[in-house]
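K.L.:
Pasting in a structure now, in structure tokens, and then I'll have a few things to ask.
The values are calculated or read from the model by the stated rules, or taken from the named source; none is laboratory data. None of these values were measured; they are calculated from a predicted model. With ideal geometry, Cβ positions are generated from the backbone for all residues, glycine too; neighbour counts draw on all protein chains shown. All accessible areas refer to the heavy atoms of the entire protein, side chains included, with ligands and DNA or RNA removed. Shrake-Rupley method; radii C 1.70, N 1.55, O 1.52, S 1.80 Å.
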Amino acid sequence: MPIKCIGILTSGGDAPGMNAAIRAVTRSAIYNGIAVKGIYRGYKGMITDEIEEFKTQNVSNIIQRGGTILKTARCMEFKTPEGRKQAHDKLVEHGIDSLVVIGGDGSLTGARIFADEFNMPIVGLPGTIDNDLYGTDITIGYDTALNTIMECVDKIRDTATSHERLFFIEVMGRDAGFLALNGAIASGAEAAIIPEISLEKDQLAEMIETGFRKSKNSSIVLVAESEVTGGAMGVAERVKREYPQFDVRVSILGHLQRGGSPTAQDRILATRMGVAAVDALMDGQRNVMIGIQNDQIVNVPFSKAIKNDKPINRDLLNALRISSI
Ligand code: ADP
């Protein structure tokens, strides 16, 4: 059956570029003669009936804005069959026959369950600064967050250098080291401590044993927020105990990493993916996440994209190690 009305929502953690994706999905659907309805506050808005028809004007003047005009929320009821049934009933009332869900691993997990339960075509867009979805080289929001981190580290470096300190800067990533590793390369940091490698070896001990500060008076190390790495606080506590000769400071970048106007790359990525999501639905695709691989749009089955660890590129580790001697 051809698609007649697409519901669109953003869910989970917000990411810069989500608005550009909402805009592209809306305009592409309208361009193709399909109605679009914006669903507010993620899955919650399906249950509480916060649904509104979108015209092209609803998405004017948003491509440059961070966050999401549709708002986002976490919704516990959607994790229960009763909650999902309520949500589905509302979609039927509104004549919504398909969905585009923009979010991270959790949101796409919910989408997959919902699609199976109600036999509804759903296409996901990877919207997360963490870049932790499998099957896509990059996710919407990642490039902006990376640039924000780079700017922050540039500023912290002024203090690190003036006071000859060792700074541990914690960045987001929810158990993925992409932001920490590439942020470290981009800002000229001395090292990155990331969960993928923490499982293999003691990165802190190695860093100190290889004399990472021999040629330098100050150092910056990016630490991915994760139980595995211990976070920047955990690492700093260890240094104070085991290597008391260092003057250590911690900076946790926190939520400022998620905000701000999206970079050109994120706007373009979100626009391409939004258009591709509507194409995929028209093409009869279902239960896929739109990804990008080698600059080509691809459809990745939810089963692959979710709960599948995306490996860190080892070339990057090498580039950081060599460039920071
Ligand atoms: P993200 O999408 O950024 O990973 P979350 O993990 O918080 O964010 O998930 C966002 C929302 O997706 C949850 O609040 C919930 O409504 C839905 N969701 C997550 N996991 C499931 C699940 N196993 N079953 C149903 N819904 C889920």
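K.L.:
Run the 1.4 Å probe and let me know the accessible area of Lys37, rounded to the nearest 10 Å².
P.N.:
Lys37 exposes around 40 Å² with every protein chain in place.
K.L.:
Pairing the Cα long axis of helix 18-31 with the longest principal axis of the chain, what angle in degrees results, from 0 to 90 and rounded to the nearest 10?
P.N.:
Approximately 30 degrees, to the nearest 10.
K.L.:
What are the extents of the Cα atoms of segment 143-258 along their three principal axes, listed from largest to smallest and rounded to whole Å?
P.N.:
35, 33, 20
K.L.:
Once you've got the GNM for the chain with C-alpha springs shorter than 10 Å, pick whichever of Arg27, Arg249, Arg84 has the biggest mean-square fluctuation.
P.N.:
Taking springs between Cα atoms under 10 Å, the residue moving most is Arg249.
K.L.:
Related question: Which stretch or stretches of segment 59-77 have amide N atoms under 14 Å from the point lying 7 Å from Ser261's Cα along the Cα→Cβ direction?
P.N.:
The answer is 61-67.
K.L.:
OK, next. Going from most exposed to least, what order do Leu199, Leu316 have by accessible area with a 1.4 Å probe?
P.N.:
These residues rank, largest area first, as Leu199, Leu316.
K.L.:
Oh, and also: Go through Asp309, Asp132, Asp279, Asp315 and list them by solvent-accessible area, largest first, probe radius 1.4 Å.
P.N.:
Asp309, Asp315, Asp279, Asp132
K.L.:
Is it possible to state the helix-based mean residue ellipticity at 222 nm for the chain, with each DSSP H run of 4+ residues giving -39500 (n - 2.57), the sum divided by total residues, to the nearest 500 deg cm²/dmol? What is it?
P.N.:
About -12500 deg cm²/dmol.
K.L.:
Could I ask something else about it? Computed on alpha carbon atoms, what radius of gyration and Dmax characterise the chain, expressed in Å?
P.N.:
Cα radius of gyration and Dmax of the chain are 21.4, 69 Å respectively.
K.L.:
Run through segment 137-184 and list the GluC sites (Glu not before Pro) located in a DSSP loop whose Cβ has at most 15 other Cβ atoms within 10 Å.
P.N.:
Details: sites: Glu151, Glu164, Glu170; in loops: Glu164.
Hits after loop and neighbour filter: Glu164.
K.L.:
Using only Cα atoms, locate the centre of segment 270-313 and the centre of segment 130-195, then give the distance between them in Å, rounded to an integer.
P.N.:
About 25 Å separates the Cα centre of segment 270-313 from the one of segment 130-195.
K.L.:
I would also like to ask the following. On a 0 to 90° scale, report how tilted helix 178-187 is relative to the longest principal axis of the chain, with both axes built from alpha carbons and the result rounded to the nearest 10.
P.N.:
50 degrees
K.L.:
Something else now. Ala319 to Lys240: FRET efficiency via 1/(1 + (r/R0)^6), r the Cβ-Cβ distance, R0 25 Å, to the nearest 0.05?
P.N.:
0.25
K.L.:
Could you grab the relative contact order for the chain? Cα pairs under 8 Å, six or more apart, rounded to a whole percent.
P.N.:
23 percent
K.L.:
Give me the accessible area of Lys155, 1.4 Å probe, in Å² rounded to the nearest 10.
P.N.:
140 Å²
K.L.:
For segment 210-325, how big is Rg over Rh, using alpha carbon atoms and the Kirkwood form of Rh? Intermediate values should be presented prior to the final figure.
P.N.:
Numbers: Rg = 20.5 Å, Rh = 18.6 Å.
Dividing the radius of gyration by the Kirkwood radius yields 1.10.
K.L.:
Calculate, in nm to one decimal, what Asp247 and Asp49 gain on full extension: separation in residues at 0.36 nm each, minus their alpha carbon distance.
P.N.:
65.8 nm
K.L.:
Mind giving me the FRET efficiency for Asp295 and Asn58? R0 is 30 Å, r the Cβ-Cβ distance, nearest 0.05 is fine.
P.N.:
0.50
K.L.:
Here is a further query. What's the percent breakdown of Cα-Cα distances in segment 1-69 across 5 Å bins, shortest bin first?
P.N.:
Calculated over all Cα pairs of segment 1-69, the distribution is 4, 19, 27, 25, 19, 7, 1, 0 percent.
K.L.:
Another question about this same structure. Convex hull volume of the Cα atoms in segment 25-129, per residue, in Å³? Mind dumping the intermediate values first?
P.N.:
On the way: hull volume 10.4 nm³, N = 105.
With only Cα atoms used, segment 25-129 gives 99 Å³ per residue.
K.L.:
Let me ask something else about it. As a test question: what accessible area, to the nearest 10 Å², does Thr10 have when a 1.4 Å probe is rolled over all protein chains in place?
P.N.:
Looks like 0 Å² after rounding.
K.L.:
Once you sort the root eigenvalues of the Cα gyration tensor of segment 134-211 as a ≥ b ≥ c, which label holds: rounded (a/c under 1.5), prolate (a/b larger than b/c) or oblate (the other case)? Before the final figure, lay out each step's value.
P.N.:
Numbers: a/c = 2.75, a/b = 1.18, b/c = 2.32.
Verdict is oblate for segment 134-211.
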